[in-house]
Amino acid sequence: MKLTIKNTFLTENTADSILENTRRQVTEAVYSYTNPKQPKKPEVLHVSQEMAAELGISKKETTSDFFKHIFTGNEIYPNTKPFSMCYGGHQFGNWAGQLGDGRAINLFEVTHQNKNWKVQLKGAGETPYSRNADGLAVLRSSVREYLCSEAMYHLGVPTTRALSLSLSGDTVLRDVLYDGNPAHEKGAIVSRVAPSFLRFGNYEIFAARKDLKNLKSLVNYTITYHFPHLGSPSKKSYINFFKEVAERTLELILHWQRIGFVHGVMNTDNMSILGLTIDFGPYGWLEGFDHSWTPNTTDKEHKRYRYGNQPSIGLWNLYQLANALYPIIEEAAPLESILNQYKIDFEKKSLAMMKSKIGLLVADDHDVELIQNLEENLQLVETDMTIFFRKLSDFTNEKEGFQFIKEAFYSPSEISKEVKNQWNLWFDKYSDRLNKEGISSKKRKALMNAKNPKYILRNYMSQMAIEEAEKGNYTLIEELYQLIKRPYDEQLGQEKWFAKRPEWARNKVGCSMLSCSS
Ligand code: AMP
Ligand code: MG
């Protein structure tokens with residue numbers, strides 16, 4: 001396995017002068033050299049061959065001991081120096097000070113086919129940023145990150161990727177429900193990959209510490225390597241940089257809204273500067289369409305990160321980034337106008353996105369109302385979002401509208417006459433509205449199916465794969481991995497995964513209730 005290593009991040013940013021791996025405040029540095037902990041008995045459980053190919057690693061090489069040792073932190077790839085990054089963040093609305101890569105260790109940068117990738121291990125031991133935790137990850141959260149990042153990629157959503165899922169052979173102590181009952185779990189390591197893992201918090205930390213030198217050099221690095229089309233670093237390109245981050249953030253969140261993904265912990269340290277989905281923790285997928293749903297039990301009370309709030313939180317987080325960049329821009333007006341534009345764009349693009357889900361392309365004055373009515377109807381009784389939108393593409397005038405979507409209701413026998421009427425009223429309007437489109441039902445169905453996935457990684461599906469994996473059986477991980485590669489396609493023999501959440505999963509830990517304990 002020969003990788004083309006190119007370490008731009010290390011050479012162009014300031015390293016921590018202290019080399020000891022001790023927990024501390026790291027000042028005047030963008031990163032600290034940190035070696036992974038050697039795992040007791042590493043075992044690779046699954047490899048994303050698509051991702052491996054992107055890095056120039058062949059299928060055969062992924063089965064080698066060398067691959068196993070490198071991507072579990074047992075060995076360091078020749079001429080590379082692993083490191084962890086310093087960042088801060090606003091957690092649940094409050095400035096939390098230094099956070100940093102507490103259990104992520106960056107191995108190296110690989111260049112292949114004109115693309116540059118950063119490779120990280122998650123769960124490979126403590127770093128100067130581990131605060132009071134152990135730097136490790138358990139199998140359950142690693143399976144969730146591994147499968148979901150690949151699922152997002154295949155759904156066409158900007159995301160960090162995953163290369164491999166491994167057991168470390170060590171045990172890890174976790175209190176899943178934070179109720180004073182910690183238990184030992186299998187330790188695991190995910191190797192994950194992205195063009196950059198920089199977060200809003202990487203910039204915020206320097207602004208908070210008034211370290212303008214590192215703030216500026218990190219922004220310059222980001223523009224040079226990730227936004228080269230913005231030209232050489234200057235106040236103008238800093239403003240355009242913020243503009244593009246705002247646009248990418250909005251695009252990302254609109255994708256999440258489209259597929260019903262709830263991130264669960266949209267703290268500014270979990271917001272990628274490239275607009276990628278990053279840090280898969282207590283995330284979840286909507287089953288019943290519900291704006292107020294959050295998978296994160298830590299957020300149960302205020303529901304700050306609920307589905308319907310994600311777009312506003314994106315904006316709130318961008319305000320924090322704007323504040324962080326202000327000292328090197330020194331003009332508030334252009335930043336404010338970008339933030340205002342986010343609100344305008346959100347209205348416009350969110351309508352376009354919802355219209356695309358129901359097969360509408362041309363403009364009509366009543367579309368806002370039609371979509372509003374649809375969202376109200378979806379919340380009349382528990383209605384599965386994924387099944388609803390997929391089934392809606394079958395709609396034709398030949399049958400009562402309600403008949404097409406029946407399967408999406410969680411309690412079909414309890415649907416009242418009023419609910420049925422509400423739906424049929426909506427379908428009457430929808431049917432009239434479709435006449436203005438001038439495309440065949442067949443064409444509309446194809447367009448809608450490209451926006452509405454048939455197969456998502458429902459919370460209970462991951463949980464089933466986790467429970468099997470904990471017993472040493474990894475076949476379900478492979479089955480789900482194959483399934484999520486073609487989320488928009490009809491897949492013969494896979495109908496069992498196009499189903500509502502089973503009742504056993506309704507209130508089960510790991511399915512609808514997740515904590516940050518990972
Ligand atoms: P998260 O909410 O998972 O994004 O994590 C917030 C912060 O806590 C980040 O700085 C993480 O690196 C850190 N963190 C989370 N879990 C651990 C752990 N097990 N060991 C060390 N640091 C952790
Ligand atoms: Mg995080």
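The values are calculated or read from the model by the stated rules, or taken from the named source; none is laboratory data. The model shown is predicted, which means the values in this text are computed figures rather than measured ones. Here the Cβ is made from the backbone with ideal geometry for all residues, glycine too, and neighbour counts use every protein chain on show. To get the accessible areas, we keep the full protein, side chains included, count just its heavy atoms, and leave off ligands, DNA and RNA. Shrake-Rupley method; radii C 1.70, N 1.55, O 1.52, S 1.80 Å.
So which GluC sites (Glu not before Pro) in region 427-518 end up in coil per DSSP with only 14 or fewer other C-beta atoms within 10 Å?
490
Which order do 11, 224, 294 take when ranked by solvent-accessible area (1.4 Å probe, heavy atoms of all protein chains), largest first?
11, 224, 294
So for each of 249-255, 328-334 I average, over its residues, the number of other beta carbons within 10 Å; can you give me the resulting order with the highest mean first?
249-255, 328-334
Might you report the magnitude of the Cβ-based charge dipole of the chain about its Cα centre, with Lys and Arg at +1 and Asp and Glu at -1, to the nearest 20 debye?
720
Could you work out how much longer the chain between residue 19 and residue 440 gets when fully extended? Use 0.36 nm per residue separation minus the Cα distance between them, nm to one decimal.
Full-extension gain reported as 145.0 nm.
Compute the length gained on full extension between residue 232 and residue 353: take 0.36 nm times their separation in residues and subtract their Cα-Cα distance, giving the result in nm to one decimal.
40.1 nm
For a quick check of your reading of the filter: which trypsin sites (Lys or Arg not before Pro) in region 188-250 sit in a DSSP loop and have no more than 10 other Cβ atoms within 10 Å?
Passing sites in region 188-250 are 210.
Can you count the Lys pairs in region 25-129 whose Cα atoms are under 15 Å apart, with each pair 8 or more apart or on different chains?
For region 25-129, the number of qualifying lysine pairs is 9.
Could you compute the FRET efficiency for residue 116 and residue 181, with r as their C-beta to C-beta distance and R0 at 60 Å, rounded to 0.05?
Plugging the Cβ-Cβ distance into 1/(1 + (r/R0)^6) gives 0.85.
I need the calculated FRET efficiency for the pair residue 403 and residue 368, taking r as the beta carbon distance and R₀ as 30 Å, to the nearest 0.05.
That gives a FRET efficiency of 0.65.
When you have a sec, figure out the Kirkwood radius of the chain from all distinct Cα pair distances and drop it here in Å to one decimal?
24.1
Note down the nm distance, to one decimal, between modelled labels 7 Å out along Cα→Cβ at residue 470 and at residue 225.
3.9
Assuming a ≥ b ≥ c are the square roots of the Cα gyration tensor eigenvalues, decide whether region 5-200 counts as rounded (a/c under 1.5), prolate (otherwise, with a/b larger than b/c) or oblate.
Since a/c stays below 1.5, the shape of region 5-200 is classed as rounded.
Starting from the residue with the highest accessible area, list 261, 404 in decreasing order, probe 1.4 Å.
404, 261
Could you work out the pair-distance distribution P(r) of region 342-488 from its alpha-carbon pairs, with 5 angstrom bin width and percents rounded to whole numbers?
Once binned at 5 Å, the Cα pair distances of region 342-488 give 2, 8, 16, 18, 17, 14, 10, 7, 5, 2, 1, 0.
Rolling a 1.4 Å sphere over the protein heavy atoms, what is the accessible area per residue of the chain, to the nearest Å²?
With all protein chains present, the chain gives 41 Å² per residue.
Between residue 79 and residue 6, what is the spin-label point distance in nm, taking each point 7 Å from the Cα along the Cα→C-beta axis?
Each label point is offset 7 Å from its Cα along the Cβ direction, giving 1.4 nm.
For the pair residue 27 and residue 421, how long in nm is the line joining their label points, each one 7 Å along Cα→Cβ?
It works out to 7.0 nm between the two label points.
In deg cm²/dmol and to the nearest 500, what is the mean residue ellipticity at 222 nm of the chain if only DSSP H runs of at least 4 residues count, each as -39500 (n - 2.57), divided by the residue total?
Result for the chain: -12500 deg cm²/dmol, rounded to the nearest 500.
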